[in-house]
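Working notes for the structure below.
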Amino acid sequence: MIDRETILHVANLARLELKDDEVDKLKEDLGNILNYFITLNDVNTDNVAPTFHPFPINNIFREDIVKESFSVDDILSNAPSSATTYFLVPRIVEEKNGN
């Protein structure tokens, strides 16, 4: 059975803030999920081949053909800000020394 402290620990790892009623609901829901896995352990699968995916999956490859692309000037003409061959974007990470 899953306890309240485990719910709070997992929520903390996921950076989630949970209200008391949400913790209680998750405790019940996760407990039910874990109990279902216990039930699945009792299923006899001796004659069942392992399955990796429920549907057949095939990779669809295309021929790798080199073709003409847009020029750098055409692509950068839509950018709000650019320099030589690069997009200029606002800084989103601050350095520790304030630069």
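The values are calculated or read from the model by the stated rules, or taken from the named source; none is laboratory data. Because the structure is predicted, anything quoted here is derived from the model rather than measured. Note: ideal-geometry Cβ built from the backbone for every residue, glycine included; neighbour counts use all protein chains shown. In case anyone asks, the SASA skips ligands and DNA or RNA and just uses the protein heavy atoms, side chains included. Shrake-Rupley method; radii C 1.70, N 1.55, O 1.52, S 1.80 Å.
Here are a few things to note about the model shown:
- Whole-percent carbon and sulfur share, accessible surface of the range 56-99, 1.4 Å: 55 percent
- Interatomic Cα distance distribution for the range 44-99, bins of 10 angstrom, percent: 14, 18, 17, 17, 18, 12, 4
- The GNM of the chain, with springs linking C-alpha atoms under 10 angstrom apart, assigns the highest mean-square fluctuation among V66, V43, V89 to V89.
- Most mobile of A83, A49, A14 in a GNM of the chain (Cα contacts under 10 Å): A83
- Folded to 0 to 90 degrees: helix 20-41 orientation relative to the chain principal axis, Cα: 70 degrees
- Summarising the label geometry, the points placed 7 Å from Cα in the beta-carbon direction at F61 and V48 lie 3.4 nm from one another.
- Given charges at beta-carbon only (K, R positive; D, E negative), |dipole| of the chain in Debye: 240 debye
- Along the chain, the longest continuous region that contains none of the chymotrypsin sites (Phe, Trp or Tyr not before Pro) in a DSSP loop with at most 10 other C-beta atoms within 10 Å is 1-51.
- Sequence-distant residues sharing a close amide H with S82 (under 5 Å, placed H): L88
- For percent of Cα pairs over 16 Å apart, the candidate list reads (1) 60; (2) 80; (3) 53; the entry that matches the value derived from this model is (2).
- A simple spin-label model places pseudo-atoms 7 Å from Cα toward Cβ; at F87 and E17 they are separated by 3.3 nm.
- Ordered from highest to lowest accessible area with the whole protein assembly present and a 1.4 Å probe, D24, D29 read as D24, D29.
- Candidates per GluC sites (Glu not before Pro) in the range 2-71, loop by DSSP, up to 11 other Cβ within 10 Å: E17, E63, E68
- Of the whole protein surface, V93 contributes about 100 Å² of accessible area at a 1.4 Å probe radius.
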